[in-house]
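What follows is calculated from the coordinates using simple rules that are stated; it is not laboratory data. This is a predicted model, so every value here is computed, not measured. In this analysis, Cβ positions are derived from the backbone assuming ideal geometry, glycine residues included, and neighbour counts consider all displayed protein chains.
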């Protein structure tokens, strides 16, 4: 990891930009300045060495800072700290909908700005580690031979592996966020009566649940698959249930 972080300063007011650049460079940052959102988009596309963007919101003519940030984040995973002369709740809320690495008032001291930048880097590193862990779990899930579906605390689908996609007839993209009962439709083989959703029982009791014998899964396209399964609670480090994993 390089010692000196590289910052793209996006500020349309020359004197403010010069002052911020000099202050940041005294704190050891490598600073590149541009004065429009359009130029910022191009710079980030061409320069992979930028570690963070310090983005003014009001950039005069052309796209503003929030619009530039939204365009950049479509293709680049990079922390963006917004700057503004205003502290209106509406403006702060607007930036938080785009990214949540920080918001600094332009009049803030270099000490406050430096602290905000360092916090943004810490949050970015933590989020990157979380995403890598999530990708590792996703890869593991895909390699499991059984069908696996996970849900959140409300019983809505949060993940499923290819085996589950094949048996249910649902792609993960279509199933994501839907109630499990809509994706996982099970009946009794003999009576064809609907069987209660096992995830609902797990969420209510906190216990591991297994399906009765002669359970049939009806796929999205009407195919029938005889299955056996179990559902278990997913718990966090405090022992609180955060969802359910269903294996069949």
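Hey, can you tell me all the residues within the range 197-206 that are surrounded by fewer than 17 Cβ atoms within 10 Å (Cβ to Cβ) and touching a strand residue (DSSP E or B) at 6+ places or on another chain (Cβ under 8 Å)?
Listed by number, the residues that qualify are 201, 206.
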Exercise. Among (1) touching a helix residue (DSSP H, G or I) at 6+ places or on another chain (Cβ under 6 Å); (2) in contact (Cβ under 8 Å) with a residue 24 or more places away in the chain, where does residue 78 come up short?
Worked result: (1)
Exercise. Which of the following residues is under 25 Å from the mean Cα position of the chain (by Cα) and exposed (fewer than 14 other Cβ atoms within 10 Å of the Cβ): 26, 5, 45?
Worked result: 45
Exercise. Name the residues in the range 88-129 that are in contact with a strand residue (DSSP E or B) (Cβ under 6 Å, 6 or more places away or on another chain) and assigned to a loop (DSSP other than H, G, I, E, B), would you?
Worked result: 99, 101, 102, 106
Exercise. Which one is nearest to residue 191 (Cα to Cα), of the residues in the range 229-248 that are assigned to a loop (DSSP other than H, G, I, E, B) and touching a strand residue (DSSP E or B) at 6+ places or on another chain (Cβ under 7 Å)?
Worked result: 229
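Just give me the residues in the range 48-83 being farther than 24 Å from residue 108 by Cα and buried (at least 22 other Cβ atoms within 10 Å of the Cβ), in sequence order.
Across the range 48-83, the qualifying residue is only 72.
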For this session: Mind listing whichever residues of the range 93-118 are surrounded by fewer than 16 Cβ atoms within 10 Å (Cβ to Cβ) and in contact (Cβ under 8 Å) with a residue 60 or more places away in the chain?
Result: 110
Exercise. Among the helices (runs of 4 or more DSSP H) contained in the range 130-226, which hold 2 or more residues that are touching a helix residue (DSSP H, G or I) at 6+ places or on another chain (Cβ under 7 Å) and in contact (Cβ under 8 Å) with a residue 24 or more places away in the chain?
Worked result: 180-183
Exercise. Can you find even one residue in the range 222-233 that is buried (at least 16 other Cβ atoms within 10 Å of the Cβ) and farther than 16 Å from residue 146 by Cβ?
Worked result: yes
